[in-house]
Amino acid sequence: MISLYRFALNSRFLLIILISASFFTLSPAQSSEAKSAKKSRAYRSALLIEAETGQVLKAFRQRERVIPASLVKIMTILIALERIKEKSIGMSDTITVSRKASRIGGQQVYLKQGEKFSLNELLKAVAISSANDAAYAVAEHVASDAEIFTQIMNERAGQLGMTDTNFINVNGLPPDRGKPPNKTSARDMAKLARELLKFPIVTKWGKIKHAPFRNGKFILTNTNRLVGKFRGLDGLKTGSYRKAGYSIVATAKQGNLRLIAIILSSGHPRRRFSEAKRLLAWGFANFRWYEGQKSENKTGYTVKVKRGQKDIIHLKSKSRFRKLVRRGQEKNISVRKEIPASVSAPVRAGQQVGRLVYELHGEKMGEVLLTAGESVDRLSFLQTIIRLR
């Protein structure tokens, strides 16, 4: 009897435990939701901007500091191209590969000590194939020493207002044990990308899928898997290693609109590409340039001139109104003309006479100044008497 009682008691206790556990165990649907929530964070930071003005279209933790990996090479390329523009170095310069450059690991073009390449060849290897050894060789050529080049990188970052950034090497490789890694943010990468895009050769390299290197014995393969898979895409750079995650700075131009999408520290190599593609597609679908008063010399506006040797003057627009707007907003934009009925002579060419004020839903978007297209002298006393007759 005692044994049967204990068995019943234990069975009841076990049933209570199982029933209680069911309340705290996720159902298959709940488990799926939890996994989905975990996966939904496809990156640590993201940013979409318009390239010309830097206008932010979408952002997520754009100031969060992350490890950029090979995105560091954007600065390496920028400094080299700026030195070329200054003519302190040239694209045709011959670079002899050093022992240090030949020993750089990771993504590379397997440079050998003593090999000779033009600066143009090595920069292409950096831009297209993200070659760490080529980046090191370029840095040595520009500054004679890679550590000095890294100092130049940080100085240039400061000039560009990249306050979230600190570079510790020229190619984005993991640091030596005990040393801090490279750090940057999506906001800073956007500033850097805009500066690099001032050089047309960058987008020429950016849309190349494959290119010969070492007289065709080695083929450079673009690390940006969006090349050829998104309309207008022509750059810019990828970066990854285990601790840094997977990142990309992608740019594309459709019509007269260029956008830059930045995805930092994604957990999956393909996810950075799909997220960058999604951001770019959203931007092109939702924004366009609104062109206001055209920049022709003649605007069609005239103003009477009092006591002048000419009765009227034609006005010119001093600038061109151009604003990025959401598609469909154009119909809500109005132009308010602030032009006087007349001006008194003398009038000088270029003198401000009026303005056009552009407004969206009554809110000022900007303005265009209108100036005199010609000079008009005041009538002399004798001319005034003759006119009165």
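The values are calculated or read from the model by the stated rules, or taken from the named source; none is laboratory data. As the structure is a prediction and not an experimental result, all values here were calculated from the model. Cβ atoms come from the backbone with ideal geometry, glycine included; neighbour counts cover every protein chain shown.
A few notes on this one:
- Tyr136 vs. criteria among the hydroxyl-bearing types (Ser, Thr, Tyr), in a loop (DSSP other than H, G, I, E, B) and in the same structural domain as Thr76 (by TED's automatic domain parsing): no
- Selection from region 190-242 of residues that are within 22 Å of Asp133 (Cα to Cα) and either among the aromatic types (Phe, Trp, Tyr) or not assigned by TED's automatic domain parsing to the domain that holds Gln62 (or both): Trp205, Phe213, Phe218, Tyr241
- Single match in Asp145, Asp176 (criterion: acidic (Asp, Glu), surrounded by fewer than 18 Cβ atoms within 10 Å (Cβ to Cβ) and modelled with pLDDT under 95): Asp176
- Odd one out for Arg231, checked against (1) of a type outside the set (Ser, Thr, Tyr); (2) farther than 21 Å from Gln55 by Cα; (3) without any contact (Cβ under 8 Å) to a residue 60 or more places away in the chain; (4) assigned to a strand (DSSP E or B): (4)
- Tabulated pairs, region 354-381, first farther than 16 Å from Glu291 by Cα, second among the aromatic types (Phe, Trp, Tyr) and surrounded by 15 or more Cβ atoms within 10 Å (Cβ to Cβ), C-beta under 7 angstrom, 6+ apart or interchain: Leu370/Tyr301
- Of all residues in region 48-63, those being in a strand (DSSP E or B) and either surrounded by fewer than 17 Cβ atoms within 10 Å (Cβ to Cβ) or of a type in the set (Phe, Trp, Tyr) (or both) number 4.
- From the list Tyr290, Tyr301, the lone residue that is surrounded by 15 or more Cβ atoms within 10 Å (Cβ to Cβ) and in contact with a helix residue (DSSP H, G or I) (Cβ under 6 Å, 6 or more places away or on another chain) is Tyr290.
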